[in-house]
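Peer 1: Mind having a look at this structure? Questions to follow.
The values are calculated or read from the model by the stated rules, or taken from the named source; none is laboratory data. In this text the structure is predicted, and so the values were computed from the model without any measurement. Counting neighbours? That spans all protein chains shown, and the Cβs are built from the backbone with ideal geometry, glycine included. Protein only, heavy atoms only, side chains kept; ligands, DNA and RNA dropped before computing areas. Shrake-Rupley method; radii C 1.70, N 1.55, O 1.52, S 1.80 Å.
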Amino acid sequence: MNPNRPTIRPRRLRSTATMRQMVAETVLRPADLILPMFVADGISDKREIASMPGVYQHTIDSLLYAVEDAAKESITCIDLFGVPRDSDKDERGSAAWDPEGILNRGIAAVRERFGDDILVMADTCLDEFTSHGHCGLLDAHGAVANDATIACYQDMAVSQAAAGAHIVSPSGMMDGQVAAIRQALDESNYTDVAIMAYSAKYASAFFGPFRDAVGSSLQGDRRTYQQDPANFRESLREVALDIEEGADFVMVKPALAYLDVLHAVKDISPVPVAAYHVSGEYVMIKAAAANGWIDGDAAMMEALVSIKRAGADQILTYAAVDIARKLNNAR
Ligand code: PBG
């Protein structure tokens with residue numbers, strides 16, 4: 001070393017665990033994590049999803065137990081998806097806004113049990129409920145019809161608010177969906193129900209296991225409404241539109257392959273930015289860990305810290321409860 005120069009040693013700040021803790025720039029909290037959950041109709045016991053170890057299709061009863069477990073680890077928000085019976089799917093996805101539909105019954109049960117102690121967010125999209133598996137209605141040529149779909153999203157969002165949802169989350173990537181939902185909620189006096197907008201949602205192969213989880217009927221793909229992974233600026237446009245339309249949160253999805261997008265969105269967004277660490281991202285870690293090829297817990301923690309570091313205020317993750325438990329035990 002040059003004797004005339006002070007020794008510049010960044011390693012000093014890494015020398016002990018307490019030092020590292022003190023200088024950590026990003027700290028994950030249980031309250032940052034949103035747990036996606038599935039409630040299924042017509043099952044008598046919870047069922048583990050074959051392609052998503054540790055994730056279940058729940059009955060209403062088992063859902064309540066699982067929410068209680070999550071709440072014990074200081075998880076503050078769940079995101080609920082409904083899995084209807086195949087016989088309840090139709091062209092329009094009408095079980096989606098039926099007050100007796102499985103998703104609305106699930107929302108109501110959780111809200112009734114937990115009040116305002118847990119935030120109930122609901123997925124506001126038709127794909128689980130349509131016989132063709134698309135996120136919207138099909139026109140005579142088989143294309144997904146934007147404006148007709150939005151009218152259904154309005155009914156769905158209002159039914160979710162009526163069931164007790166604190167947050168609705170339109171994930172269908174229809175143009176104008178946020179403004180339309182805001183208007184419908186306001187007209188029904190649900191002015192306090194917030195909208196978490198899936199703003200930059202890509203047509204991603206990482207959604208594969210989720211489609212198993214919800215028993216999706218989709219043939220083909222969603223490339224006419226979800227974004228092309230090749231595009232970056234398009235996300236900024238989508239986010240700006242959603243903010244203008246009244247989104248209370250914006251979201252980037254998936255997360256790890258889109259950290260550039262997430263970082264840029266964080267820079268321009270006046271509202272909280274969420275990121276969805278999706279099913280495929282979750283199972284890649286789980287599968288590698290099950291083979292003994294990777295330390296699954298450490299990899300999951302690193303992935304989530306990185307997503308927060310890149311700009312996420314909230315992270316939707318199937319590992320929420322496990323990670324929250326680790327964070328709580330480390331305190
Ligand atoms: C659509 C929706 C999807 C996911 C969340 N909402 C699937 C899709 O667009 O096909 C995927 C979530 C995941 O992969 O974990 N309502």
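Residues are listed down the side, and each one gets a yes or a no for (1) over 27 Å from Asn329 (Cα atoms); (2) modelled with pLDDT of 95 or more; (3) surrounded by 15 or more Cβ atoms within 10 Å (Cβ to Cβ):
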{"residue": "Arg29", "(1), (2), (3)": "no, yes, no"}
{"residue": "Leu35", "(1), (2), (3)": "no, yes, yes"}
{"residue": "Gly93", "(1), (2), (3)": "yes, yes, yes"}
{"residue": "Gly106", "(1), (2), (3)": "yes, yes, yes"}
{"residue": "Arg111", "(1), (2), (3)": "yes, yes, yes"}
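Peer 1: State whether the residues of region 66-76 include one that is open to solvent by 70 Å² or more (accessible area, probe 1.4 Å) and outside any helix (DSSP H, G or I).
Peer 2: no
Peer 1: What is the residue count in region 278-298 for residues that are within 30 Å of Glu238 (Cβ to Cβ), open to solvent by less than 50 Å² (accessible area, probe 1.4 Å) and out of contact with any Pro (no Cβ under 7 Å at 6 or more places or on another chain)?
Peer 2: Of the residues in that region, 2 qualify.
Peer 1: Moving on. Select from region 125-164 the residues that are among the aliphatic types (A, V, I, L, M) and free of Cβ contacts under 8 Å to residues at least 60 places away in the same chain and list them in ascending order. Steps first, please.
Peer 2: If we filter region 125-164 for residues that are among the aliphatic types (A, V, I, L, M), which is where we start, we get 126, 137-138, 140, 143-145, 148, 150-151, 156-158, 161-163.
Selection gives Leu126, Leu137, Leu138, Ala140, Ala145, Ala148, Ile150, Ala151, Ala157, Ala161.
Peer 1: Do you know which residues across region 160-190 are away from the ligand (no atom under 16 Å from the Cβ) and within 19 Å of Val120 (Cβ to Cβ)?
Peer 2: Matches in region 160-190: Ala161, Ala162, Ala163, Gly164, His166, Arg182, Ala184, Leu185, Ser188, Asn189, Tyr190.
Peer 1: Quick check: anything in region 80-100 under 30 Å from Ala143 (Cα atoms), without any contact (Cβ under 8 Å) to a residue 24 or more places away in the chain and among the small types (Gly, Ala, Ser)?
Peer 2: Yes: region 80-100 contains one or more residues that are under 30 Å from Ala143 (Cα atoms), without any contact (Cβ under 8 Å) to a residue 24 or more places away in the chain and among the small types (Gly, Ala, Ser).
Peer 1: May I ask you to verify whether Phe206 is open to solvent by 30 Å² or more (accessible area, probe 1.4 Å), within 11 Å of the ligand (Cβ to nearest atom) and not β-branched (Val, Ile, Thr)?
Peer 2: yes
Peer 1: Out of Asp228, Asp267, Asp260, Asp221, I need the residue that is within 10 Å of the ligand (Cβ to nearest atom), more than 24 Å from Met37 (Cβ to Cβ), of a type in the set (Asp, Glu) and open to solvent by 40 Å² or more (accessible area, probe 1.4 Å). Which one? Spell out the reasoning first.
Peer 2: On the way: Asp228 fails: within 10 Å of the ligand (Cβ to nearest atom); Asp267 fails: within 10 Å of the ligand (Cβ to nearest atom); Asp260 fails: within 10 Å of the ligand (Cβ to nearest atom).
None of the other options fit; the residue is Asp221.
Peer 1: Quickly run through region 116-151 and pick out the residues that are of a type in the set (Asp, Glu), assigned to a loop (DSSP other than H, G, I, E, B) and either out of contact with any Ser or Thr (no Cβ under 9 Å at 6 or more places or on another chain) or within 16 Å of the ligand (Cβ to nearest atom) (or both).
Peer 2: Asp116, Asp127, Glu128, Asp139
Peer 1: Moving on to the next point. Being among the acidic types (Asp, Glu) and within 17 Å of Ala184 (Cα to Cα) is the filter here, so list the residues in region 115-162 that pass it.
Peer 2: Asp123, Asp147, Asp155 - these are the residues of region 115-162 that are among the acidic types (Asp, Glu) and within 17 Å of Ala184 (Cα to Cα).
Peer 1: Could you grab me the full set of residues in region 1-46 that are more than 21 Å from the chain's Cα centre (by Cα) and of a type in the set (A, V, I, L, M)?
Peer 2: Answer for region 1-46, where residues must be more than 21 Å from the chain's Cα centre (by Cα) and of a type in the set (A, V, I, L, M): Met1, Ile8, Leu13, Ala17, Met19, Met22, Val23, Ala24, Ile43.
Peer 1: Now for a separate question. Given the criterion free of Cβ contacts under 8 Å to residues at least 60 places away in the same chain and within 30 Å of Glu48 (Cβ to Cβ), identify the matching residue among Pro209, Pro254.
Peer 2: Answer to the selection: Pro254.
Peer 1: Could I ask something else about it? Name the one entry in Ser199, Ser216 that is within 10 Å of the ligand (Cβ to nearest atom) and surrounded by 16 or more Cβ atoms within 10 Å (Cβ to Cβ).
Peer 2: Values: Ser199 fails: within 10 Å of the ligand (Cβ to nearest atom).
Being within 10 Å of the ligand (Cβ to nearest atom) and surrounded by 16 or more Cβ atoms within 10 Å (Cβ to Cβ) holds for just one of Ser199, Ser216, which is Ser216.
Peer 1: Taking the condition of being farther than 10 Å from Asp41 by Cβ, assigned to a strand (DSSP E or B) and within 16 Å of the ligand (Cβ to nearest atom), how many residues in region 81-115 meet it?
Peer 2: Looking only at that region, the number is 1.
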